[in-house]
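To start, the structure under review is shown below, and the notes come after it.
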Amino acid sequence: MILEVEKIHTFYGWSHILFDISLGIEERETVAILGRNGAGKTTTFRSIMGLTPPKVGEVRYKGEIISGQRPYMIARKGIGYVPSGHKVFGDLTVVENLLVGTKKAFKSGLLPRTPEEIYNLFPILGQRRKQRAGTLSGGERQMLTIARTLMGNPEVLILDEPSTGLSPLVINNLGEKIHQLKGEGLSILLAEQNAKFGMALCERCYIIDKGEIRYQGLTLELQQNQELMQMYLAV
């Protein structure tokens, strides 16, 4: 697997948040972590990225243990993290936001993306390139946060609640873009409260509840288990 999380326990202060979490993603695979608000999805991602390092267990990227490393070092290895909340630099233009996302190549011969490549993926950002990011719609800001992370040309893209706060039409458009990124060869790990959206994008998924993994397996099998979906996803 390109990214593996093995038996991690993560705390906020004295509060034990994640309990023995294990998961993984293969190259070119899209995997979803599903669960209600507060289930532990964001903490799992923060543990992977070194923002809230686990106290027990390991995170491995391409076989290398990365748990305990600084977040910027983890990002430079080829993992791109898009946090929830459509966070942009509001006073900067769209193109300035993109340039902020440029970083040194994590391996020889791989160059950062250019803004022009991003505009091919997100044409609306090309139309808004000189517009201040704070004036964009919620959907446009979400696309910009993803695009800014893509400027570093990651091999693994981690998306935290990408559909939150967006209209159904924008969500459908976003899903198409994620499918397109998958077609380009990215490994994508996303967390979602919107189970329908998350399951439509992935072959495998996990359910997390109260900091523990309650299900792991094929998305199709989960869709056929209405009792489990109702219990943990309220679907």
The condition from (1) without any contact (Cβ under 8 Å) to a residue 40 or more places away in the chain; (2) under 28 Å from residue 47 (Cα atoms); (3) out of contact with any Lys or Arg (no Cβ under 8 Å at 6 or more places or on another chain); (4) of a type in the set (A, V, I, L, M, F, W, C) that residue 143 misses is numbered (3)
Cβ-Cβ below 7 Å, separation at least six or inter-chain, first residue in segment 181-193 and under 21 Å from residue 233 (Cα atoms), second of a type in the set (Gly, Ala, Ser): which pairs?
190/32; 190/198; 192/32; 192/163; 192/198
Select the helices (runs of 4 or more DSSP H) contained entirely in segment 129-235, then report the ones holding at least 2 residues which are closer than 22 Å to residue 17 by Cβ and more than 13 Å from the chain's Cα centre (by Cα).
226-233
Starting from residues that are surrounded by fewer than 13 Cβ atoms within 10 Å (Cβ to Cβ) and of a type in the set (Gly, Ala, Ser), keep the ones in segment 197-235 and report whichever is nearest to residue 165 (Cα to Cα).
234
Has segment 53-75 got at least one residue that is free of Cβ contacts under 8 Å to residues at least 12 places away in the same chain, out of contact with any Asp or Glu (no Cβ under 7 Å at 6 or more places or on another chain) and aromatic (Phe, Trp, Tyr)?
yes
Which ones in segment 2-18 are surrounded by 16 or more Cβ atoms within 10 Å (Cβ to Cβ) and among the hydrophobic types (A, V, I, L, M, F, W, C)?
2, 3, 5, 8, 17, 18
Kindly provide the set of residues from segment 171-191 that are under 22 Å from residue 36 (Cβ atoms) and modelled with pLDDT under 95, ordered by number.
171, 174, 175, 178
From 22, 47, 67, residue being among the small types (Gly, Ala, Ser) and in contact with a helix residue (DSSP H, G or I) (Cβ under 9 Å, 6 or more places away or on another chain):
67
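The values are calculated or read from the model by the stated rules, or taken from the named source; none is laboratory data. In this text, all values refer to a predicted model and were calculated from it rather than measured experimentally. Note that we place each Cβ from the backbone using ideal geometry, even for glycine, and neighbour counts take in every protein chain shown.
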